[in-house]
Ligand SMILES: Nc1nc2c(ncn2[C@@H]2O[C@H](COP(=O)(O)OP(=O)(O)OP(=O)(O)O)[C@@H](O)[C@H]2O)c(=O)[nH]1
Ligand SMILES: [Mg+2]
């Protein structure tokens with residue numbers, strides 16, 4: 001399945017700037033530089049829809065991408081855990097992320113991204129617990145899979161699965177925006193999430 005249409009609907013730093021809540025939203029969270037914006041570009045088949053950068057801290061606003069004429073939205077959030085940003089700036093971002101996640105009526109799923117090469121960080125674990133606390137099922141995407149040797153994949157996926165305590169029915173999707181690995185699985189999952197809300 002391919003996404004047909006995608007456009008940047010709104011850029012926000014505070015709730016007054018969010019778009020209406022009439023449409024289901026799926027948000028991507030993860031450490032700075034983990035590949036959130038690249039994943040959105042890969043899903044939408046648009047290389048330059050979301051701005052990406054090898055320098056962490058690229059996305060500093062909440063960006064709402066409207067898919068298929070606003071059938072639903074993908075939401076790109078600023079990354080956490082980028083040490084080179086000032087404490088004050090990090091706090092501002094954390095408040096922005098938490099503000100959106102904790103009080104968004106039409107947010108149907110938070111998808112967490114972690115780097116396939118490394119064990120989840122303390123902040124990844126905190127984010128994962130937060131996601132569970134708010135009663136979202138856990139969907140975790142392990143990014144940059146192309147940077148792993150084949151022989152490392154299983155071991156690294158197990159570490160992520162265990163560290164994030166995902167044995168309660170969580171879904172872990174190995175992914176590469178570069179090679180487009182896992183794209184099909186993720187789009188199918190998104191469609192099934194949407195079906196669930198529209199069937200209510
Ligand atoms: N090899 C490889 N590189 C990737 C992949 N996904 C992202 N990258 C690279 O990782 C860097 C960061 O990607 P972004 O998509 O900007 O990351 P982000 O999570 O949006 O970062 P912030 O906006 O800073 O939070 C860029 O240089 C991307 O090209 C991938 O699947 N494989
Ligand atoms: Mg980004």
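Throughout, read-outs are computed from the coordinates displayed, never taken from laboratory work. Given the structure is predicted, the values throughout are model-derived calculations rather than measurements. Cβ: placed from backbone, ideal geometry, glycine included. Neighbour counts: every protein chain shown.
With an a/c value of 1.5 or above and a/b not larger than b/c for the gyration tensor axes a ≥ b ≥ c computed over the alpha-carbon atoms, the range 123-200 is described as oblate.
Reducing the range 32-88 and the range 108-141 to their Cα centroids gives an inter-centroid distance of 16 Å. Taking other Cβ atoms within 10 Å as a rough exposure proxy, 13, 141 sort from fewest to most as 13, 141.
Take peptides 146-156, 86-96 and line them up by average Cβ neighbours within 10 Å, highest first, as a rough protection proxy.
Values: 146-156: 11.8, 86-96: 13.7.
Per-residue Cβ counts within 10 Å, averaged per peptide and sorted highest first, yield 86-96, 146-156.
For the chain, the relative contact order works out to 21 percent when only alpha carbon pairs closer than 8 Å and six or more residues apart are counted.
Here the sum of -39500 (n - 2.57) over DSSP H runs of 4 or more residues, divided by the residues of the chain, equals -11000 deg cm²/dmol at 222 nm, to the nearest 500. Based on the alpha-carbon gyration tensor of the range 21-153 and its eigenvalue square roots a ≥ b ≥ c, which shape applies: rounded if a/c is under 1.5, prolate if not and a/b is larger than b/c, or oblate? Since a/c stays below 1.5, the shape of the range 21-153 is classed as rounded. Computed packing ranks the peptides 73-85, 117-129 as 73-85, 117-129, most packed first, by mean other Cβ atoms within 10 Å.
Among 25, 184, which comes first, then next, by fewest other beta-carbon atoms within 10 Å? Please list the in-between numbers first.
Details: 25 21, 184 10.
Going from sparsest to densest Cβ surroundings: 184, 25.
Can you put 28, 136 in order, fewest other beta carbons within 10 Å first?
Working: 28 24, 136 17.
With the sparsest Cβ surroundings first, the list reads 136, 28.
Give me the percent of DSSP beta bridges within the range 70-200 that run antiparallel, rounded to the nearest 5.
Values: 1 of 10 bridges.
So the antiparallel bridges amount to about 10 percent of the total.
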